Amino acid sequence: MSAPPLIILTGAGISAESGLSTFRDPDGLWARHCIEDVATPEAFAHDPARVHAFYNARRAQLRDPAIQPNAAHHALARLVAAWPAPALLVTQNVDDLHDRAMAGPAAGSLLHMHGELGRIRCLACGTGRRWAEDLSTATPCPACRQAGGLRPDVVWFGEVPLGMERIEEALEDCGLFLSIGTSGQVYPAAGFVAALRGRARTVELNLEPSAGTHLFDAAEHGPATQVVPRFAERLLAEWT
Ligand code: BV8
């Protein structure tokens, strides 16, 4: 029997042990910031300086050498690279820890459905590019030189997630779905497991049961750096 097409969905929990805050844990970002103030287009229109400060602080963390991919990121990079069938890693995360763990041929199997903290987009000319520094309303666009139009190239609430056509195509053929480090509260990502019921084996790997844990065929709970490498090695032993 050949290995099933694999989809892996990750959320903020996979980056927690690298030192990046999650959103909904007690010490998470939404405990310190209101979504409506920093993660919607309306928030950016109303107070761009506040939104820039929120993303500048998170982008600065990615420049911190102490923040590195962890054993879970590396285990998934190995799993995707060695998987003997189509494999797609869809991340809700805007950090670059999967990218840094997956550099090389496997990088094509990574999809940031909520955009990337390390990219910006100009509302005046539409140009998008990589960007690692702070951003403000005074920053001129490197392409059109206009100031005031640069925004983080992330998907805010109420905006359309990226890569949905590619994700929906992969969901059509998926035979094995792993959901890792996500509370299962943000759609459309949270709806993938329900769409796969009866069509794919679905497994949750999370610190604790998520809101949708009952929707999964199986679950293993514990820190990602322990649970994910162990599970990935078992999968590779079974299918390669
Ligand atoms: C859309 C990017 C239509 C920016 C994010 C009213 C108006 C408009 C929309 C809606 C509405 N009502 C509902 C919606 C839909 C809305 C939504 O779902 N709202 C929720 C709040 C109800 N969704 C949208 O607006 C989306 N767009 O619907 O457009 C559409 C739909 C389909 C097709 C076409 C069009 C856009 C949503 C994207 C929003 N942007 N982020 C940024 O990062 O700042 S969402 C944000 O939440 C992050 O991306 C994050 O990844 C994501 C999900 O959170 P999690 O990753 O799960 O993180 P969380 O903290 O919640 O959980 C962490 C988990 O890890 C926990 O379970 C914890 O136990 C675990 N954990 C912790 N430590 C560890 C661990 N696990 C393992 N090991 C550990 N060590």
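Under 19 Å from a point placed 7 Å out from the Cα of Cys144 along the Cα-to-Cβ direction: which residues of the range 119-135 have their backbone N that close?
It comes to 119-131, 135, nothing else.
Using the Karplus curve 6.51 cos²θ - 1.76 cosθ + 1.60 with θ = phi - 60°, what ³J(HN,Hα) values do you get for each residue of the range 6-21, in whole Hz, with x for Gly and Pro?
Whole-Hz 3J(HN,Hα) from phi for the range 6-21: 10, 10, 10, 10, 10, x, 4, x, 6, 9, 4, 6, 8, x, 9, 5.
To the nearest 0.05, how large is the calculated FRET efficiency for Asp134 and Met164 if R₀ is 45 Å and r is the Cβ-Cβ distance?
Result of the calculation: an efficiency of 0.90.
Give the ranking of Ser21, Ser210 by solvent-accessible surface, highest area first, calculated with a 1.4 Å probe.
Accessible-area ranking of Ser21, Ser210, largest first: Ser21, Ser210.
Ignoring ligands and nucleic acids, what accessible area does Glu165 show with a 1.4 Å probe (Å², nearest 10)?
The accessible area of Glu165 comes to roughly 140 Å².
Report the charge-dipole magnitude of the chain in Debye, nearest 20, computed about the Cα centre from +1 at each Lys and Arg Cβ and -1 at each Asp and Glu Cβ.
Magnitude of the dipole: close to 460 debye.
Using 0.36 nm times the number of residues separating Asp64 and Ala211, minus their current alpha carbon distance, what extension gain do you get?
In short, 49.7 nm is gained.
Please compute the per residue accessible area over the chain with all protein chains in place, 1.4 Å probe, rounded to a whole number of Å².
That works out to 46 Å² for each residue.
For the chain, can you list the cysteines whose C-beta has no other cysteine C-beta under 4.7 Å from it?
Unpaired cysteines in the chain: Cys34, Cys174.
Taking the range 86-168, which trypsin sites (Lys or Arg not before Pro) meet the DSSP loop condition and have no more than 15 other C-beta atoms within 10 Å?
Sites meeting the loop and neighbour criteria: Arg145.
For the range 153-206 and the range 62-77, write down the distance between their C-alpha centroids in whole Å.
Cα centroid of the range 153-206 versus Cα centroid of the range 62-77: 22 Å apart.
Toward the positive end of the charge dipole of the range 82-183, about the Cα centre and with charges on Cβ (Lys, Arg +1; Asp, Glu -1), which of Gly149, Ala85, Gly115 goes farthest?
Gly149
How large is the dipole of the range 108-233 about the Cα centre if only Lys and Arg carry +1 and Asp and Glu carry -1, each at its Cβ, rounded to the nearest 20 debye?
400
The values are calculated or read from the model by the stated rules, or taken from the named source; none is laboratory data. As the structure is a prediction and not an experimental result, all values here were calculated from the model. Cβ atoms come from the backbone with ideal geometry, glycine included; neighbour counts cover every protein chain shown. Areas reflect the complete protein model, heavy atoms only, side chains present, ligands, DNA and RNA absent. Shrake-Rupley method; radii C 1.70, N 1.55, O 1.52, S 1.80 Å.
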